[in-house]
Amino acid sequence: MDLSFNQKSLEAASIIKASKYLVAFTGAGISVESGIPPFRGEDGLWSKYDPQVLELGYFHQNPYESWVVIKEIFYDFFGSAQPNSAHKVLAVLESMGLLKCVITQNIDDLHQKAGNTIVHEFHGNSQKMVCVDCHAHFGVDEVELTPLPPKCNHCQGLLKPDFIFFGESIPTIAYQESLKAAELADVFLIIGSTGEVMPANQVPMVAKRTETTIIEINPEPSRYTSHITDIYLKGKAGEVMTLLLENIRKI
Ligand code: APR
């Protein structure tokens, strides 16, 4: 890491420490070091699987075919993932009273597993299921995932993971709480997101409108980097967040 990186990370640490309302906005990149591949990029999930399995219309017409891929990606593969040091640092920042909330595009439940208690899940959560017929909700541990497609314990209707499919609207409360936090933030961390997906990618723009300092962590520049980012820390979330916490504790 070059000198300018260390200077920038010290500057970012002092800004975070002095923040009045720190918010973290996370994307798939924060979970890569937990073994969960991102959606985009050369090893991204969408380079291996057809995203149509997460289109609402396709799911209703082809529940079995859709569920075969959904189970493979989000339950067989994601199921054993654990929080990495980046998730853990965000939990420490909450326990220090610095971090007010996490807004995440991720559905992997890793922020909650790491210990964060205020997490706005913009795209829902894979640990919850909903019946498309009677709208009953279940935890993933309460239902049988095989045989596919899984059926509702109450009405034998089709179960769907309670995360957002393409074509589905964002959960209202998560949307409203995310926008409110973005408006209140004086320091806004963007960790591991391309900024390519609407409407999630509008949340950091809302933060920027209110003179917020944007600190971005990503090994590659994103759509935010040259547009709204004030301090760009080029690197992996786990390493950079660990360094930031060390610097915060030294100040
Ligand atoms: N640390 C931090 N960032 C990383 C790391 C890492 N170790 N590895 C990769 N990244 C970055 C990539 O450079 C990229 O910018 O994470 C980002 C992953 O991009 P996407 O897969 O597009 O993730 P995201 O921006 O969260 O996608 C938004 O797209 O398919 C939908 O619902 C899905 O929530 C997802 C949404």
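The values are calculated or read from the model by the stated rules, or taken from the named source; none is laboratory data. Owing to the predicted nature of the structure, the values given are computational and were not obtained by experimental measurement. Cβ atoms come from the backbone with ideal geometry, glycine included; neighbour counts cover every protein chain shown.
Within the range 47-83, the residues that satisfy the criterion of being at pLDDT 90 or above and among the polar types (S, T, N, Q) are Gln52, Gln61, Asn62, Ser66, Gln82. Annotation: of all residues in the range 54-80 being farther than 21 Å from Asn106 by Cβ and assigned to a helix (DSSP H, G or I), the one that is nearest to the ligand (Cβ to nearest atom) is Tyr58. Among the residues of the range 15-39, those identified as part of a helix (DSSP H, G or I) and touching a helix residue (DSSP H, G or I) at 6+ places or on another chain (Cβ under 8 Å) are Ile16, Lys17, Gly29, Ile30, Ser31, Val32, Glu33, Ser34. Among the residues of the range 140-182, those identified as acidic (Asp, Glu) and surrounded by 14 or more Cβ atoms within 10 Å (Cβ to Cβ) are Asp162, Glu168, Glu177.
With the condition kept exactly as written, say whether any residue in the range 120-143 is touching a helix residue (DSSP H, G or I) at 6+ places or on another chain (Cβ under 7 Å), within 16 Å of the ligand (Cβ to nearest atom), aromatic (Phe, Trp, Tyr) and closer than 28 Å to Lys20 by Cβ. Yes, the range 120-143 has at least one match.
On the given criteria, is His87 under 25 Å from Glu177 (Cα atoms), in contact with a Ser or Thr (Cβ under 8 Å, 6 or more places away or on another chain) and not polar (S, T, N, Q)? Yes.
Residues that are buried (at least 17 other Cβ atoms within 10 Å of the Cβ) and within 11 Å of the ligand (Cβ to nearest atom) do not occur anywhere in the range 46-53.
Restricting attention to the range 2-38, the residues that are within 14 Å of the ligand (Cβ to nearest atom) and in contact (Cβ under 8 Å) with a residue 12 or more places away in the chain total 14.
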